[in-house]
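Novice: Let me give you the structure first, and then I'll get to my questions.
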Amino acid sequence: MACVLETPLRMSVLSEVTASSRHYVDRLFDPDPQKVLQGVIDMKNAVIGNNKQKANLIVLGAVPRLLYLLQQETSSTELRTECAVVLGSLAMGTENNVKSLLDCHIIPALLQGLLSPELKFIEACLRCLRTIFTSPVTPEELLYTDATVIPHLMALLSRSRYTQEYICQIFSHCCKLRHWHSCGFKSSPQPLLCANGPDHQTILFNHGAVQNIAHLLSSTSYKVRMQALKCFSVLAFENPQVSMTLVNVLVDGELLPQIFVKMLQRDKPIEMQLTSAKCLTYMCRAGAIQTDDNCIVLKALPSLVRMCSKERLLEERVEGAETLAYLIETDVELQRIASITDHLIAMLSDYFKYPSSVSAITDIKRLDHDLKHAHELRQAAFKLYASLGANDEDIRKKIIETENMMDRIVNGLSESSIKVRLSAVRCLHSLSRSVQQLRTSFQDHAVWKPLMKVLQNAPDEVLVVASSTLCNLLLEFSPSKEPILESGAIELLCSLTQSENLALRVNGIWALMNMAFQAEQKIKADILQGLSTEQLFQLLSDSDVNVLMKTLGLLRNLLSTRPHIDQIMSTHGKQIMQAVTLILEGEHNIEVKEQTLCILANIADGTTAKELIMTNDDILQKIKYYMSHSNAKLQLAAMFCISNLIWNEEEGSQERQDKLRDIGIVDILHKLSQSSDPNLCDKAKTALQQYLA
């Protein structure tokens, strides 16, 4: 019988709970305004810190009634204010609560409330809006739907310290970048996309955000100063226009960068130090502050290194390392300075041992939180190692010699967290730029195995960095090249060349180009088979010049050493000659044409392949045309073709020389032998000697 009773029992408990909440909702409909007000106040006290009660009231339909009362002109200011407070409290519950509030169109109602003359009501509406907009489920676009909202918020900034705090907080949460670089490494904490149209930074900037917020940095309220600072960090990120403006802003006679430096001092709260370091970092990366400026080298960089020490909280260490990685990412000198500041490279190795069994954390809640977020430390460390080792060989060596470093990267490549996998691949990519490491550590730890695994099934952003790393592992001096080939890399790379993602197409073809360099005949045949002639043509007509150049590079590597040239041209000659003709006739830059002529020179070096040029009058005329071109690089490349065709020691050279003389090549050679360019002059004279021999 117990089974039969179970459901009714549950139902009765639930109805009891909702019944105990129902009277709160019923009181909102009382005809006496005073009783309604008291009902809202009692509801406010009942929901504070009680998520279950919040959920019950939402289910029972409290939100539409509260919004109705909030919008009624006949409601007293006190009632409207209390309604906004309760709605704000409901929004502080779960994400589902926020979704329910959004479904009831709470944002337009609260924005309408900001038009009231009553300051207390405005502050309550702003506080509630702040809570809703800081929730991850709220679309930022809702702040920008009505064009009158932003200027009105700017006007409200002067009303009180609360309006200042809440509005700055709303702005910093609703200012997202429209563009985001999916290939290069951008390690900043806010890689979020927003819809088309002017991006959020531009809208806020155009409505005077910089001027309206700058003076708040000297507010007596710490919270206002902090929110203004956060606002500047999101406005400046990857934005030269905002950053260049910030550099010249004066607050109480002091320039903003100097104010940020003061906020970096050790006696300031950590949150303030970190955020002002971010402001300086973003302004520097946007080109508004030089990388050798003292405020970067002596202030921002050392502060960020300090944030990486184990005395700091997990979140501070993560943010410090990520911001530092972004600051030094493209500057060799900053990478060198950071690498020798406070033993940073060794300090980062602690990021992988956290929290340790002998952790100093006595707060159980804190320990539980940190165990759940320890992966964030690992990804931040990988990011910073990637930036540190981007250029300098000595730094890479130090990183690799850090205890268990290669094992940590190998483990990172197979972690469940996508962020850790991505940053581990980035770190590996950075270190793979070292010839020395490719030959030693990379081989000792067989990093190609987990890397190939990552490439099998990963989102594009991981694939881009992983395939870039694979390009380096396939260089001819890398011992990993052989085992990678044996593990089915050709098929994988050929499939990348068909990707919609440009960076993946480039990397796929680049890796194949590296693979084909000085490769044996079988590998070249496998590449051609894997790619198919159709795909090769597709790549040669790609609108992106990088794809085209790498494809030409691949063809050039395939067509090297005579037996290979003859073999490939005997099976694919017609299509390759067609592609060469198309490119030489097309609107392409000098580099593309030069690479194409070099491919022709390789074909001309074949034993039987050269006949494909000699029997093609169109191609011969093109070579002749480029011998007289205004660009010396193209002239030189065309001369290589001629030299290979007329070389005396080869069979049939006499007939070829005669044919080329008949079309006027010798006359051009005589002219070029008088050239002021020593390379052209020497090459022409050498070619003419073949006619005299």
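The values are calculated or read from the model by the stated rules, or taken from the named source; none is laboratory data. None of the values given here were measured: they were computed from a predicted structure. Every residue, glycine among them, receives a Cβ derived from its backbone with ideal geometry; neighbour counts consider all protein chains shown. Heads up: the accessible areas ignore ligands, DNA and RNA and are worked out on the full protein's heavy atoms, side chains in. Shrake-Rupley method; radii C 1.70, N 1.55, O 1.52, S 1.80 Å.
Novice: May I ask you to say which residue of Leu69, Leu37 is at pLDDT 95 or above, in contact with a Ser or Thr (Cβ under 9 Å, 6 or more places away or on another chain) and closer than 15 Å to Leu90 by Cβ? Full working, then the answer.
Specialist: Values: Leu37 fails: closer than 15 Å to Leu90 by Cβ.
Exactly one of Leu69, Leu37 is at pLDDT 95 or above, in contact with a Ser or Thr (Cβ under 9 Å, 6 or more places away or on another chain) and closer than 15 Å to Leu90 by Cβ, namely Leu69.
Novice: Can you spot a residue in segment 600-610 that is more than 23 Å from Met549 (Cβ to Cβ), open to solvent by less than 70 Å² (accessible area, probe 1.4 Å), outside any helix (DSSP H, G or I) and among the polar types (S, T, N, Q)?
Specialist: No: segment 600-610 contains no residue that is more than 23 Å from Met549 (Cβ to Cβ), open to solvent by less than 70 Å² (accessible area, probe 1.4 Å), outside any helix (DSSP H, G or I) and among the polar types (S, T, N, Q).
Novice: Right, here's the next one. Show me the helices (runs of 4 or more DSSP H) entirely contained within segment 412-495 in which 1 or more residues are within 23 Å of Thr551 (Cα to Cα).
Specialist: Working: elements: 418-431, 435-439, 441-444, 448-456, 460-473, 481-486.
It comes to 418-431, 448-456, 460-473, 481-486.
Novice: Right, another one. Could you tell me whether any residue of segment 581-594 is under 30 Å from Gln529 (Cβ atoms), in a loop (DSSP other than H, G, I, E, B) and under 49 Å from the mean Cα position of the chain (by Cα)?
Specialist: The answer is yes, given that some residue of segment 581-594 is under 30 Å from Gln529 (Cβ atoms), in a loop (DSSP other than H, G, I, E, B) and under 49 Å from the mean Cα position of the chain (by Cα).
Novice: Could we say that Thr497 is among the hydroxyl-bearing types (Ser, Thr, Tyr) and surrounded by fewer than 22 Cβ atoms within 10 Å (Cβ to Cβ) here? Outline the logic, then answer.
Specialist: On the way: among the hydroxyl-bearing types (Ser, Thr, Tyr): yes; surrounded by fewer than 22 Cβ atoms within 10 Å (Cβ to Cβ): no.
No; evaluated as a whole, the condition is false for this residue.
Novice: Looking at Thr469, is it open to solvent by less than 10 Å² (accessible area, probe 1.4 Å), more than 21 Å from Ser414 (Cβ to Cβ) and of a type in the set (S, T, N, Q)? Outline the logic, then answer.
Specialist: Working: open to solvent by less than 10 Å² (accessible area, probe 1.4 Å): yes; more than 21 Å from Ser414 (Cβ to Cβ): no; of a type in the set (S, T, N, Q): yes.
Spelling it out, it is not the case that Thr469 is open to solvent by less than 10 Å² (accessible area, probe 1.4 Å), more than 21 Å from Ser414 (Cβ to Cβ) and of a type in the set (S, T, N, Q).
Novice: Would you check which residues across segment 434-449 are basic (Lys, Arg) and either at pLDDT below 75 or farther than 15 Å from Leu485 by Cβ (or both) and list them?
Specialist: Step one: list which residues in segment 434-449 are basic (Lys, Arg), which gives 439, 449.
The one that is basic (Lys, Arg) and either at pLDDT below 75 or farther than 15 Å from Leu485 by Cβ (or both): Arg439.
Novice: Would you confirm whether any residue within segment 379-389 is open to solvent by 10 Å² or more (accessible area, probe 1.4 Å), in contact with a Leu (Cβ under 7 Å, 6 or more places away or on another chain) and either of a type outside the set (Asp, Glu) or at positive phi (or both)? Lay out the reasoning, then the answer.
Specialist: First, the residues of segment 379-389 that are open to solvent by 10 Å² or more (accessible area, probe 1.4 Å): 383.
If we keep only those that are in contact with a Leu (Cβ under 7 Å, 6 or more places away or on another chain) as well, we get none.
No, segment 379-389 has no match at all.
Novice: Residue under question is Val247, and the condition is that it be in contact with a His (Cβ under 9 Å, 6 or more places away or on another chain) and modelled with pLDDT of 95 or more; does it hold? Steps first, answer last, please.
Specialist: Details: in contact with a His (Cβ under 9 Å, 6 or more places away or on another chain): no; modelled with pLDDT of 95 or more: yes.
No: the conditions fail for Val247.
Novice: Oh, and also: Sort through Glu315, Glu393, Glu376 and tell me the only one that's open to solvent by 30 Å² or more (accessible area, probe 1.4 Å) and either over 21 Å from Leu428 (Cα atoms) or touching a strand residue (DSSP E or B) at 6+ places or on another chain (Cβ under 7 Å) (or both).
Specialist: Values: Glu393 fails: either over 21 Å from Leu428 (Cα atoms) or touching a strand residue (DSSP E or B) at 6+ places or on another chain (Cβ under 7 Å) (or both); Glu376 fails: either over 21 Å from Leu428 (Cα atoms) or touching a strand residue (DSSP E or B) at 6+ places or on another chain (Cβ under 7 Å) (or both).
The conditions single out Glu315.
Novice: Mind counting the residues in segment 217-239 that are under 13 Å from Ile259 (Cα atoms), small (Gly, Ala, Ser), assigned to a helix (DSSP H, G or I) and open to solvent by less than 30 Å² (accessible area, probe 1.4 Å)? Walk me through it before giving the result.
Specialist: Within segment 217-239, the first condition is being under 13 Å from Ile259 (Cα atoms), and the residues that meet it are 217-219, 225-226, 228-229, 232.
In the following step, the residues that additionally are small (Gly, Ala, Ser) were identified as 218-219, 228.
From what is left, the residues that are assigned to a helix (DSSP H, G or I) are 218, 228.
Narrowing the set further to residues that are open to solvent by less than 30 Å² (accessible area, probe 1.4 Å) leaves 228.
So the count comes out to 1.
Novice: Got a number for residues in segment 96-129 being open to solvent by less than 30 Å² (accessible area, probe 1.4 Å) and either in contact (Cβ under 8 Å) with a residue 60 or more places away in the chain or not hydrophobic (A, V, I, L, M, F, W, C) (or both)?
Specialist: 4
Novice: I'd like to know if segment 12-28 contains one or more residues that are part of a loop (DSSP other than H, G, I, E, B) and at pLDDT below 95. Steps first, please.
Specialist: Narrowing segment 12-28 to residues part of a loop (DSSP other than H, G, I, E, B): 28.
Then keep just the ones that are at pLDDT below 95; that gives 28.
Yes, some residue in segment 12-28 is part of a loop (DSSP other than H, G, I, E, B) and at pLDDT below 95.
Novice: Regarding segment 72-83, can at least one residue be identified that is surrounded by fewer than 20 Cβ atoms within 10 Å (Cβ to Cβ), β-branched (Val, Ile, Thr), part of a loop (DSSP other than H, G, I, E, B) and under 42 Å from the mean Cα position of the chain (by Cα)?
Specialist: So far as segment 72-83 goes, no, none of its residues is surrounded by fewer than 20 Cβ atoms within 10 Å (Cβ to Cβ), β-branched (Val, Ile, Thr), part of a loop (DSSP other than H, G, I, E, B) and under 42 Å from the mean Cα position of the chain (by Cα).
Novice: Going through Gly664, Gly652 one at a time, which residue ends up being of a type outside the set (A, V, I, L, M) and at pLDDT below 90? Explain how you work it out, then say what you get.
Specialist: On the way: Gly664 fails: at pLDDT below 90.
Checking each option against the conditions leaves just Gly652.
Novice: Given the structure, is Lys524 in contact with a helix residue (DSSP H, G or I) (Cβ under 8 Å, 6 or more places away or on another chain), open to solvent by 20 Å² or more (accessible area, probe 1.4 Å) and touching a residue at least 40 places away in the same chain (Cβ under 8 Å)?
Specialist: Values: in contact with a helix residue (DSSP H, G or I) (Cβ under 8 Å, 6 or more places away or on another chain): yes; open to solvent by 20 Å² or more (accessible area, probe 1.4 Å): no; touching a residue at least 40 places away in the same chain (Cβ under 8 Å): yes.
When the stated conditions are applied, Lys524 does not pass them.
Novice: Pull up segment 265-286, narrow it to residues that are outside any helix (DSSP H, G or I) and either basic (Lys, Arg) or open to solvent by less than 40 Å² (accessible area, probe 1.4 Å) (or both), then point me to the one that is farthest from Cys231 (Cα to Cα). Let's see the steps before the verdict.
Specialist: Going residue by residue through segment 265-286, those that are outside any helix (DSSP H, G or I) are 265-269, 286.
When the remaining residues are screened for being either basic (Lys, Arg) or open to solvent by less than 40 Å² (accessible area, probe 1.4 Å) (or both), the result is 266, 268, 286.
Numbers: Arg266: 22, Lys268: 18, Ala286: 16 Å.
Per the stated criteria, the residue is Arg266.
Novice: Report whether or not Ser20 is farther than 23 Å from Arg161 by Cβ, open to solvent by 10 Å² or more (accessible area, probe 1.4 Å), of a type in the set (Ser, Thr, Tyr) and within 43 Å of the chain's Cα centre (by Cα).
Specialist: Numbers: farther than 23 Å from Arg161 by Cβ: yes; open to solvent by 10 Å² or more (accessible area, probe 1.4 Å): yes; of a type in the set (Ser, Thr, Tyr): yes; within 43 Å of the chain's Cα centre (by Cα): no.
Here the answer is no, as Ser20 does not meet what is asked.
Novice: Another question about this same structure. Could you check segment 287-312 and list, in sequence order, the residues that are crowded, with 18+ Cβ neighbours inside 10 Å, outside any helix (DSSP H, G or I) and without any contact (Cβ under 8 Å) to a residue 40 or more places away in the chain?
Specialist: Met307
Novice: Does any residue in segment 130-151 that is under 12 Å from Cys175 (Cβ atoms) come within less than 9 Å, Cβ to Cβ, of a residue that is of a type in the set (D, E, K, R) six or more places away or on a different chain, and which pairs are these?
Specialist: Listed pairs, sorted by first residue: Phe133/Glu140; Glu140/Lys176.
Novice: Cβ contacts < 8 Å: first residue in contact (Cβ under 8 Å) with a residue 40 or more places away in the chain, restricted to segment 200-214; second residue among the aromatic types (Phe, Trp, Tyr) and open to solvent by 10 Å² or more (accessible area, probe 1.4 Å), any location; separation 6+ or different chain. Result?
Specialist: Qualifying pairs under 8 Å: His200/Tyr144; Ile203/Tyr144.
Novice: Which residues, taken from segment 627-642, are open to solvent by 10 Å² or more (accessible area, probe 1.4 Å) and part of a helix (DSSP H, G or I)?
Specialist: Taking segment 627-642 and keeping what is open to solvent by 10 Å² or more (accessible area, probe 1.4 Å), we get 628-633, 635-636, 640.
Result: Ala632, Lys633, Gln635, Leu636, Phe640.
Novice: Turning to a different aspect of this structure: Restricted to segment 396-424, and to residues that are open to solvent by 40 Å² or more (accessible area, probe 1.4 Å) and among the basic types (Lys, Arg), which residue is nearest to Ser441 (Cα to Cα)?
Specialist: Among them, the one singled out is Lys397.
Novice: On to the next question. So for segment 302-318 (the condition being under 26 Å from the mean Cα position of the chain (by Cα), more than 21 Å from Lys383 (Cα to Cα), modelled with pLDDT of 95 or more and of a type in the set (Asp, Glu)), does at least one residue qualify?
Specialist: no
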